[in-house]
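Q: Questions regarding the structure given below will be posed in turn.
The values are calculated or read from the model by the stated rules, or taken from the named source; none is laboratory data. The structure presented is a predicted model; accordingly, all values stated were derived computationally and were not measured. Positions of Cβ are generated from backbone atoms using ideal geometry, with glycine treated the same way; all protein chains shown enter the neighbour counts. Just the protein is used for accessible areas: all its heavy atoms, side chains included, with ligands, DNA and RNA removed. Shrake-Rupley method; radii C 1.70, N 1.55, O 1.52, S 1.80 Å.
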Amino acid sequence: MASATSTFLVNILVVVSLTAAASAASGFNQNFDITWGDGRAKILKNGQLLTLSLDKTSGSGFQSKNQYLFGKIDMQIKLVPGNSAGTVTAYYLSSQGPTHDEVDFEFLGNVTGQPYTLHTNIFTEGKGGREQQFRLWFDPTTDFHTYSVLWNPQRIIFSVDGTPIREYKNLESVGVLFPKKQAMRIYSSLWDAEDWATQGGRIKTDWNKAPFMASYRNFNANACVWSNGKSSCRGSGSISAWMNQQLDNTNQQRLRWVQKNFMIYNYCTDTQRFPQGLPKECKVNN
Ligand SMILES: *[C@@H]1O[C@H](CO)[C@@H](O)[C@H](O)[C@H]1NC(C)=O
């Protein structure tokens with residue numbers, strides 16, 4: 001009896017401390033540095049909200065204090081509303097240097113009433129070229145939505161509101177590079193790319209509508225923080241849950257649903273672009 005009670009108490013203490021860790025993890029002040037924009041990026045509401053803005057003079061951006069080597073990283077973002085043509089909101093993980101790895105979400109704005117494009121890419125050892133683009137099944141400017149990267153040694157899964165939209169598997173066994181040696185920071189920025197972003201650059205930014213603004217909240221990382229050559233894994237719940245996570249049948253179906261109905265570009269089907277043959281990962285039946 002006594003031992004059952006003490007186990008119970010220990011469990012409560014563990015739950016309480018995990019909850020505390022998880023809520024601390026959502027603070028922008030603890031987790032991020034504003035890196036550019038001369039006051040255009042702001043941390044508000046006691047660290048619970050971050051806003052980026054863009055005007056004719058400059059955009060703005062932030063980056064994580066920590067470097068991560070694997071994790072499940074969630075961020076809620078509300079994109080630039082109204083006429084966002086020409087603007088790009090980039091949210092990505094990246095290591096540094098000429099042979100860096102990178103996992104990208106980029107949101108390309110549009111004129112009022114026309115859909116955003118969600119552009120994704122994966123770089124390994126400095127080389128990208130793995131673009132997939134999507135429409136979203138909701139208006140990403142009227143509310144916050146959760147954009148997640150699950151990155152473990154076997155796969156990278158991009159998700160939107162918990163629905164997987166893209167999976168990049170570890171296919172090192174057949175000679176495809178996979179990011180797993182370089183720790184990455186989280187970066188986000190709002191900038192002007194009117195030369196190419198919207199409808200192939202035909203629609204320019206309407207500066208009368210500036211400043212443009214994107215908002216962030218509820219950052220959560222169940223992840224391994226890399227520091228001084230050591231990895232320390234943290235977050236709520238067990239590490240092995242995300243470290244070994246893969247798509248179950250339901251999620252594989254949801255992934256196929258998104259790819260069938262919302263994918264508007266896939267490098268893996270762009271045979272014109274690869275006259276020498278599609279990249280190896282596209283040919284493996286996965
Ligand atoms: C903007 O809207 C047009 C028309 O619906 C569409 O073709 C385009 O893909 C949309 N997105 C971007 C980023 O141009």
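Q: Please report the carbon-and-sulfur percent of the accessible area for segment 52-130; probe 1.4 Å, protein heavy atoms only, DNA, RNA and ligands left out.
A: 46 percent
Q: If R0 is 22 Å, what FRET efficiency do you get for Lys65 and Ser238 from their C-beta distance, rounded to 0.05?
A: The calculated FRET efficiency here is 0.35.
Q: Full extension from Asp139 to Lys127: what is 0.36 nm times the residue separation minus their Cα-Cα distance, to one decimal in nm?
A: 1.2 nm
Q: Subtract the Cα-Cα distance of Asp161 and Lys180 from 0.36 nm times their separation in residues, and report this length gain in nm to one decimal.
A: Stretched fully, the Asp161-Lys180 segment lengthens by 4.3 nm.
Q: Pop a pseudo-label 7 angstrom from the Cα along the beta-carbon direction at both Trp196 and Gln245 and give the gap in nm to one decimal.
A: Each label point is offset 7 Å from its Cα along the Cβ direction, giving 3.1 nm.
Q: Is the shape of segment 22-285 rounded, prolate or oblate, going by the alpha carbon gyration tensor and its root eigenvalues a ≥ b ≥ c, with a/c under 1.5 for rounded and a/b larger than b/c for prolate?
A: oblate
Q: Rounded to the nearest 10 Å², what accessible area does Phe178 have for a 1.4 Å probe in the complete protein model?
A: Its heavy atoms expose roughly 10 Å² to the probe.
Q: Then there's this: Net charge near Trp242, counting Lys/Arg +1 and Asp/Glu -1 over other residues with Cβ under 13 Å of its Cβ?
A: Taking every other residue near Trp242 into account, the sum is +2.
Q: Then there's this: Quick one: ranking Arg135, Arg234 by accessible area, 1.4 Å probe, largest first, what do you get?
A: Highest to lowest solvent-accessible surface, that is Arg234, Arg135.
Q: Measure out, as a whole number of angstrom, how far apart the alpha-carbon centroids of segment 145-223 and segment 51-127 sit.
A: With segment 145-223 and segment 51-127 each reduced to a Cα centre, they are spaced 5 Å.
Q: Another question, if that's okay. So how exposed is Leu136, as accessible area in Å² (1.4 Å probe, rounded to 10)?
A: Here the residue's solvent-accessible area equals roughly 30 Å².
Q: Roll a 1.4 Å probe over the protein chains and send me the accessible area per residue for the chain in Å².
A: 49 Å²
Q: Specify which residue in the list Val111, His100, Ser240 is farthest towards the positive end of the charge dipole of the chain, using unit charges on the beta carbon of Lys, Arg (+1) and Asp, Glu (-1), about the Cα centre.
A: Ser240
Q: Now, a different point. When the helices in the chain are scored as -39500 (n - 2.57) per DSSP H run of 4 or longer and the sum is shared across all residues, what 222 nm value do you end up with, to the nearest 500 deg cm²/dmol?
A: The helix contribution divided over the chain gives -5000 deg cm²/dmol.
Q: Along segment 128-134, what does the Karplus equation 6.51 cos²θ - 1.76 cosθ + 1.60 (θ = phi - 60°) give for ³J(HN,Hα), rounded to whole Hz, x for Gly and Pro?
A: Computed from phi, the couplings for segment 128-134 are x, x, 10, 6, 9, 10, 9 Hz.
Q: Positive end of the dipole of segment 22-285, charges at C-beta (+1 Lys, Arg; -1 Asp, Glu), about the Cα centre: which of Asn220, Ser231, Thr163 has its Cα farthest in that direction?
A: Ser231
Q: So, one more: Net charge near Lys78, counting Lys/Arg +1 and Asp/Glu -1 over other residues with Cβ under 11 Å of its Cβ?
A: -1
Q: Ok, one more. How much length, in nm to one decimal, is gained on full extension between Asn228 and Thr112, taken as 0.36 nm per residue of separation minus their Cα-Cα distance?
A: 37.1 nm
Q: For a label point 7 Å from the Cα of Asn261 along Cα→C-beta, name the residues of segment 138-156 whose backbone N is under 11 Å from it.
A: 138, by backbone N distance to the label point.
Q: Where the only charges are on Cβ atoms (+1 Lys, Arg; -1 Asp, Glu), what is the dipole of segment 22-285 about its Cα centre, to the nearest 20 debye?
A: 420 debye
Q: Calculate the dipole size of segment 160-278 relative to its Cα centre from +1 charges on Lys and Arg beta carbons and -1 charges on Asp and Glu beta carbons; express the result in debye to the nearest 20.
A: Using Cβ point charges on Lys, Arg, Asp and Glu, segment 160-278 gives about 280 debye.
Q: Asp139: accessible area at probe 1.4 Å, nearest 10 Å²?
A: Taking all protein chains as shown, Asp139 has close to 80 Å².
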